[in-house]
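Reading through the structure tokens given below for one structure.
The values are calculated or read from the model by the stated rules, or taken from the named source; none is laboratory data. A quick note: this is a predicted structure, and the numbers were derived from the prediction, not measured. Cβ placement follows ideal geometry from the backbone for every residue including glycine, while neighbour counts extend to all protein chains displayed. We work out accessible area using only protein heavy atoms, side chains counted, and drop any ligands, DNA or RNA first. Shrake-Rupley method; radii C 1.70, N 1.55, O 1.52, S 1.80 Å.
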Amino acid sequence: MLLRTRWIWVALAVSAMGWPFFAERRAHIAGDHRIGPVDGSAYALQARSLAAGRGLRIPYVINFYHRYAPEISRRDDQWPPGPAFILAPVFRRHGPDAARGREAMLFVATILFPLAGAWLAGEATRRTWPALVAAGMLLSSTLIARQGAAILGDVPVAAVFAAYLAALLASRRHRAWLVAAGLLGGLAYYMKGSQVILLPLLPGLAVVRHGFRVLRSPWLAGGVAAYLAVVGPWWIANAREYGHPLHSTQNYVTVFFGLTPGTWDGWDPNFYGVHFGHGLPRRTARFEDREVWMGSVRRNLEAYARALLMGPDAAPRDWARMGAAGPRVRAWILDREPPVQPPPDGDGEAPAVFSGAEDWPAWPFTVVQGMGLLVGLVALLGMVPVLMIESVPRLRPSSSALRSLGRWGTDRVRVAAVLALALLAQALFIILMWLAMDRFVLLVVAPVIALGLLGLDLIPDFIRGSLARLGWLRRRMDAGWRFALVRTVTTLAVCGLGLWVWAGPSASIRAAQAPARPRAPDAPPVYPGPAHTARALEPVLPANAVIMARYPLGVLFFGPDTWKGVGLPFAEPPVLFSIARYYGVTHLLRDLDRPGLAQFIREHPEALERIPIPGHRRLNIYRIHYDRFPEGFFLDPDEIGTERGT
């Protein structure tokens, strides 16, 4: 059977665990329309277009690496459409309601992600209790709670990646699950373009799980074909529209993002810099200054080590909770001198070493994930001998040595190696090519929890083996009785632990995850700044307005769906307004300055007519009169981004 009955009960139990978290957090965000002014608004605009039947055509151009068609109707090549697929049905039913969209993302975080994590832990251990523990740990994370209510792709892609690994592990029951893994891998690509790595990982991890003979399986070929079938339409459209199937402006972001200690240092000159198809950044430029790049690698490595050792909620100061060794490990990773004293806490004292319930949910993450790292390391070391022994005919007689290990034999080594390799692949991309912000480590949380629970599952096996060796017990009970006794004891222990977990800390966890000032049920809706800007501009702008601004996406989402937007180039006025004229920009919303822009506006008030808006004196919106600019001011579109047009 592809699906066992007990997993249906586990799914119902996990859903019951997650529902109180969903209901409570939903009450906190009800009527709260605050979404991000960039990423969240981009996903919301894509979803609004889908819900309106316009496909994935978007009304904005945000950066200037390429020269797009001046009509501003295209597919987004910066933010993938996966989160929009989640939001679109909600917008179709309720209209483009940001608060409803946040509720949909919250459902993913509190129901679907725990289900995927439970499935992964259950498939890794073949037991039900690790599935419930994994779901509880994911629900207890404050980071997941906070990110789960945001319109972003980090939690959804973590859920899909966990399901991808679970389907791959489930292929031990039937190889047809490899097709499901391919489908899920393709879906993950729509959440994050970096998940293209799941295509080569699929046959690689299948070999680790089943041996080289799986390469002849039609189900593996079906899995690869399923991945390609899911992403194929997007790749074909990319090749037709942008000239390369894997085109994404995120490729240029990897050149600079995360190289400096400040998260957004150099963002505007690089992301909003003007190329227009000329002199595009090369990925290898990231490695040109080896010292700078190694600094970013060390910072990313520290963030991942912290998240894997102490859980996704851990902050840099939490290294002190691991005792005197914690700050020294952090200093070693960052290549710094170890501190004489632990970093101070908010009250000037060092955080105490994990001491009990008050440190929940930190210490369970430390125990489970620490075990997971150990198990993963052992599995990676043991993977090559296992594959050699089972693949080389001359070595097969010695495979009895591995079989003698019992359940912790080749099967568990393979499972652990699959999880460890998948975790390593995801971590290496972020560490080497990106920035390890807290939300970017969520991809590896479910796999490392599954690895840790796989290691802890040795304990029931040890108990069972010990009981089996007791002579008096062996004489009085047959194998069925021994198994029933061990299973009963284990079940009672797990149930007792579960009651302790959910009766005590569960309530405090939900309280800790609540906002500092919860909204009253009858409180009026809350809107972000771009929504207020859109409302103020709607009476004074025409229906076909094209707005240039540093943050145009939020204004577009909360404004009429006939408006279009263009980002604010990081360039001098001649280049900036040449781009504005090319895209047909009608109004400039000066929400951020650019080199020479303020002076140009002062000197040429006839070209940029400020529109007064009653009650919004700080809102600087200008109508652009291109016929009033100085003669010869504008550049030809072919010159923009060239040496003459910089």
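The set of residues in region 91-134 being assigned to a helix (DSSP H, G or I) and without any contact (Cβ under 8 Å) to a residue 40 or more places away in the chain consists of R93, H94, R100, A104.
Yes or no, residue by residue, for (1) assigned to a helix (DSSP H, G or I); (2) among the β-branched types (V, I, T); (3) within 20 Å of Y60 (Cβ to Cβ); (4) modelled with pLDDT under 70:
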position	(1), (2), (3), (4)
S506	yes, no, no, yes
R510	yes, no, no, yes
A516	no, no, no, yes
A523	no, no, no, no
T533	yes, yes, yes, no
A536	yes, no, yes, no
P539	no, no, no, no
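For region 135-146, a residue qualifies if it is assigned to a helix (DSSP H, G or I) and touching a Pro at 6+ places or on another chain (Cβ under 9 Å), and the qualifying residues are A135, G136, M137, L138, L139, S140, T142, L143, I144. Here region 307-347 is the region considered, the condition is being surrounded by fewer than 19 Cβ atoms within 10 Å (Cβ to Cβ), part of a loop (DSSP other than H, G, I, E, B) and among the hydrophobic types (A, V, I, L, M, F, W, C), and the residue that is modelled with the highest pLDDT is A315.
Is it the case, given these coordinates, that V155 is open to solvent by less than 10 Å² (accessible area, probe 1.4 Å) and not charged (D, E, K, R)?
On the way: open to solvent by less than 10 Å² (accessible area, probe 1.4 Å): yes; not charged (D, E, K, R): yes.
Yes.
Out of region 26-70, which residues are within 20 Å of the chain's Cα centre (by Cα) and farther than 30 Å from D638 by Cβ? Answer for region 26-70, where residues must be within 20 Å of the chain's Cα centre (by Cα) and farther than 30 Å from D638 by Cβ: R34, I35, G36, P37, D39, G40, S41, Y43, A44, Q46, A47. From the list L553, L588, the lone residue that is over 33 Å from the mean Cα position of the chain (by Cα) and outside any loop (DSSP other than H, G, I, E, B) is L588.
Take R464 and decide whether it is modelled with pLDDT under 70, closer than 22 Å to V368 by Cβ, in a helix (DSSP H, G or I) and open to solvent by 50 Å² or more (accessible area, probe 1.4 Å). Yes; evaluated as a whole, the condition is true for this residue.
Working only within region 36-57, note down all residues that are open to solvent by 20 Å² or more (accessible area, probe 1.4 Å) and touching a Phe, Trp or Tyr at 6+ places or on another chain (Cβ under 8 Å).
Correct list: P37, V38, D39, R48, L50.
Which of (1) part of a loop (DSSP other than H, G, I, E, B); (2) touching a Pro at 6+ places or on another chain (Cβ under 7 Å) does H247 not meet, given it meets every other one? For H247, the failing item is (2).
Any idea how many residues of region 291-301 are closer than 17 Å to A427 by Cβ and surrounded by fewer than 20 Cβ atoms within 10 Å (Cβ to Cβ)? Give the derivation first.
Step one: of region 291-301, the residues closer than 17 Å to A427 by Cβ are 293-294, 296-301.
Those left that are additionally surrounded by fewer than 20 Cβ atoms within 10 Å (Cβ to Cβ): 293-294, 297-299, 301.
Qualifying residue count, region 291-301: 6.
Among residues belonging to region 603-618 that are open to solvent by 20 Å² or more (accessible area, probe 1.4 Å) and modelled with pLDDT of 95 or more, point out the one that is farthest from P70 (Cα to Cα). Before the answer, list the steps.
Our first condition is that a residue be open to solvent by 20 Å² or more (accessible area, probe 1.4 Å); within region 603-618, this holds for 603-606, 609-610, 612, 614-618.
So of that shortlist, the ones also modelled with pLDDT of 95 or more come out as 603-606, 609-610.
Values: E603: 28, H604: 25, P605: 26, E606: 25, E609: 23, R610: 25 Å.
Filtering region 603-618 for residues that are open to solvent by 20 Å² or more (accessible area, probe 1.4 Å) and modelled with pLDDT of 95 or more, the one farthest from P70 (Cα to Cα) comes out as E603.
Residue-level check: of (1) among the hydrophobic types (A, V, I, L, M, F, W, C); (2) over 19 Å from V375 (Cα atoms); (3) at pLDDT below 70, F429 misses just (3). In region 557-583, the residues that are within 28 Å of E631 (Cβ to Cβ) and assigned to a loop (DSSP other than H, G, I, E, B) form Cβ pairs under 6 Å with partners that are among the β-branched types (V, I, T) and open to solvent by 10 Å² or more (accessible area, probe 1.4 Å), at six or more places apart or across chains, as follows: P569/V274; A571/V274. May I ask you to verify whether V378 is modelled with pLDDT of 85 or more, under 30 Å from the mean Cα position of the chain (by Cα) and β-branched (V, I, T)? Spelling it out, V378 is indeed modelled with pLDDT of 85 or more, under 30 Å from the mean Cα position of the chain (by Cα) and β-branched (V, I, T). If you go through region 250-278 and keep only what is at positive phi and either within 20 Å of the chain's Cα centre (by Cα) or outside any loop (DSSP other than H, G, I, E, B) (or both), you end up with just G258.
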